[in-house]
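First the structure, in the form of structure tokens, and then the observations on it.
None of the figures in this text is laboratory data; all of them are computed from the coordinates on show. Everything numeric in this text was worked out from a predicted model, so none of it was measured. Positions of Cβ are generated from backbone atoms using ideal geometry, with glycine treated the same way; all protein chains shown enter the neighbour counts.
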Amino acid sequence: MGSQIRKVFVANRGEIAVRIVHTCQEMGLDTVAGVSTADRDGLAARIAGRSVCIGPAPARDSYLDLASVISAAVGTGCDALHPGYGFLSENPELGRACAENGLTFIGPSPEVVAEAGDKARAREIARKAGIPILDGSPIVSNPDEAADAADALGYPVLVKAAGGGGGRGMVVIHDAAELRARLAGAMAEAMSAFGDGRVYVERFVENARHIEVQVLGDRNGNVVHLGDRDCTLQRRHQKVIEEGPAANIAGDTRRAIRGSGIAFARAIGLDSAGTVEFIYDSDRRQFAFLEFNARIQVEHPVTEMITGVDLVRQQIRSAQGEPLEFAQADVAFAGHAIEVRIMCESVPDGFVPRPGQVTLWEPPTVPGSRVDTHLVTGCVISPYYDSLLAKLVVWGANRDEAIRRCLEALLELKVQGVPTTAEFAYFAIDHPDFRASAVTTDWIARCGLPQFQDLLLKGGRP
């Protein structure tokens with residue numbers, strides 16, 4: 001048994017900070033919200049037991065400033081720290097600094113975080129665990145090595161950053177000339193985003209779906225999965241709409257994917273919440289390991305809606321050294337859930353962020369709906385951070401009901417003052433391709449966005 005947590009420092013912002021505070025309050029834990037100058041009046045600062053400024057608005061000077069975060073946590077008498085997702089959540093130095101300063105880190109151990117953050121290392125762990133991986137190269141350091149790897153794999157290929165995700169340092173390459181022209185840019189972007197310019201080359205799956213498995217572990221070696229999610233609808237390699245369980249997947253394939261999730265979690269020694277991500281080749285009907293995220297995911301509410309398990313609560317329990325509250329046989333799945341990321345972006349212009357002041361915010365009240373957000377009417381959306389405003393999550397007894405309720409909720413949702421992606425989400429979810437589970441990871445760029453833009457050009461609305 002680890003030390004009992006009493007006061008949690010929330011080292012994040014926006015909707016995930018609000019989400020963490022709420023669960024802490026339900027567990028009887030005090031909270032301190034670490035905020036930048038841009039977020040001093042935000043919802044997380046208002047609802048936490050206390051808030052403290054950790055630096056100026058730019059993330060590098062506040063949410064990414066490890067020394068400032070640790071100093072604020074210790075200085076406010078916290079005994080634990082939750083990093084949320086993004087920012088420092090996948091930096092193993094944060095967990096190490098917590099341990100050195102008497103703070104319990106609410107998340108996987110630094111060793112797990114370090115191995116998960118190295119995509120090449122994670123691929124090797126998966127391979128040794130007997131999990132299918134995509135054909136790919138070791139780390140490449142120059143155009144000649146990359147070209148040799150691509151020739152062996154066959155074009156198109158994907159150049160990927162070894163030290164991070166979220167689409168940064170990732171580019172699809174169709175021939176040798178393009179590879180030589182774009183490799184340096186991919187390396188530079190990877191270095192800028194993650195402080196690690198290493199890349200490798202991987203076979204590109206053209207008709208791909210993105211399916212992931214939510215896993216939980218504790219410090220006693222227990223591991224369970226909480227089912228799968230489909231995160232195929234993406235723009236610029238970043239997820240837009242997620243659902244669970246994944247539709248139109250054969251039962252034996254689903255069991256194999258979930259089993260692979262458990263196998264990877266055991267192999268890496270997971271002791272908290274994590275997500276094992278897979279690419280599913282719709283043409284070959286085969287799946288392969290993609291990456292592992294050693295943190296809470298943006299789309300975790302999908303799993304919570306179909307299992308009834310509070311993932312943040314489980315993270316806190318695991319951090320305290322408590323065993324999982326349930327075994328695999330106890331996990332029950334019910335219905336279907338869809339999550340829509342509502343972002344402050346102009347879709348007609350190609351999903352361009354458009355920050356500003358929210359002059360009206362009215363969440364929907366459709367049965368089975370949940371909204372995770374930091375929005376209140378009158379709040380100002382800062383240009384310094386990502387464009388996520390809210391997550392609309394809707395549950396239904398089956399996928400058809402979830403789709404119907406989600407469309408109703410999107411119609412009822414009211415956001416004024418800034419453009420949002422809500423209208424496009426309605427278009428995408430109502431599209432025959434989505435209803436038939438026939439979308440792929442490039443569907444938005446290839447089909448969805450051009451069709452939506454054409455519809456608006458002709459004066460129509462979704």
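For Ser51, the residues whose modelled amide H falls within less than 5 Å of its own, excluding neighbours fewer than 5 places apart on the same chain, are Ala33. Over all other residues within a Cβ to Cβ distance under 15 Å of Ala188, the charged ones net out to +3, with Lys and Arg as +1 and Asp and Glu as -1. Taking a span of 24 Å or more along the helix axis (Cα atoms) and a mean Kyte-Doolittle hydropathy of at least 0.0 as the rule, the DSSP H helices of the chain that qualify are 176-194.
Working from Cα pairs under 8 Å separated by at least six residues, relative contact order for the chain is 14 percent. Counting other Cβ atoms within 10 Å, which GluC sites (Glu not before Pro) in region 124-210 have at most 15 and lie in a DSSP loop? Here the sparse-neighbourhood loop sites are Glu206. The lysine pair count for the chain, using Cα distances under 18 Å and pairs eight or more places apart or on different chains, is 5.
Over what distance in Å are the Cα centres of region 402-462 and region 250-274 separated? The two parts, judged by their Cα centres, are 32 Å apart. The simple spin-label model puts a point 7 Å past each Cα toward its Cβ; for Val172 and Leu66 those points are separated by 3.6 nm.
Charge dipole of region 294-395 (Cα centre as origin; +1 on each Lys and Arg Cβ, -1 on each Asp and Glu Cβ, all else neutral): 120 debye, rounded to the nearest 20.
Positive contributions from Lys and Arg (+1) and negative ones from Asp and Glu (-1), summed over other residues with Cβ under 9 Å from the Cβ of Asp30, come out at +3.
The label-point distance for Ala436 and Asn207, in a model that sets each label 7 Å from Cα toward Cβ, rounds to 1.2 nm. With the cut-off at 19 Å, report for region 113-259 the share of all Cα pairs above it, as a whole percent. So the portion of pairs separated by more than 19 Å is 59 percent. Each of Lys128 and Tyr155 was given a label point 7 Å from its Cα along the Cα-to-Cβ line. The distance between the two points is 3.6 nm. Got a sec? Which residues in region 400-431 would a label at Ser346 touch, if it sits 7 Å along Cα→Cβ and we count backbone N under 17 Å? Label zone hits: 416-424. Taking a ≥ b ≥ c as the square roots of the Cα gyration tensor eigenvalues, region 160-231 comes out oblate, since a/c reaches at least 1.5 and a/b does not exceed b/c. State whether region 392-462 is rounded, prolate or oblate according to the following rule on the C-alpha gyration tensor (a ≥ b ≥ c being the square roots of its eigenvalues): a/c under 1.5 gives rounded; otherwise a/b larger than b/c gives prolate, and the remaining case gives oblate. In terms of gyration-tensor shape, oblate. For the pair Ala445 and Arg40, a Förster radius of 45 Å applied to the C-beta separation gives a FRET efficiency near 0.75, rounded to the nearest 0.05. Would you please give the residues with an amide H less than 5 Å from that of Asn12, counting only those at least 5 places away or on a separate chain, with H modeled from the backbone geometry? Those lying under 5 Å, H to H, from Asn12 are Gly34.
Taking Cα centre as origin and charging only the Cβ of basic (Lys, Arg, +1) and acidic (Asp, Glu, -1) residues, the dipole magnitude of the chain rounds to 400 debye. Here Rg/Rh (Cα atoms, Kirkwood Rh) was calculated from the structure, and among (i) 0.94; (ii) 1.04; (iii) 1.13 it sits at label (i). The distance separating the Cα centre of region 1-41 from that of region 119-176 comes to 37 Å. Under 1.5 on a/c is rounded, so check that first for region 177-296, then, if it is not, pick prolate when a/b is larger than b/c and oblate when it is not; a ≥ b ≥ c are the square roots of the alpha carbon gyration tensor eigenvalues. In terms of gyration-tensor shape, oblate.
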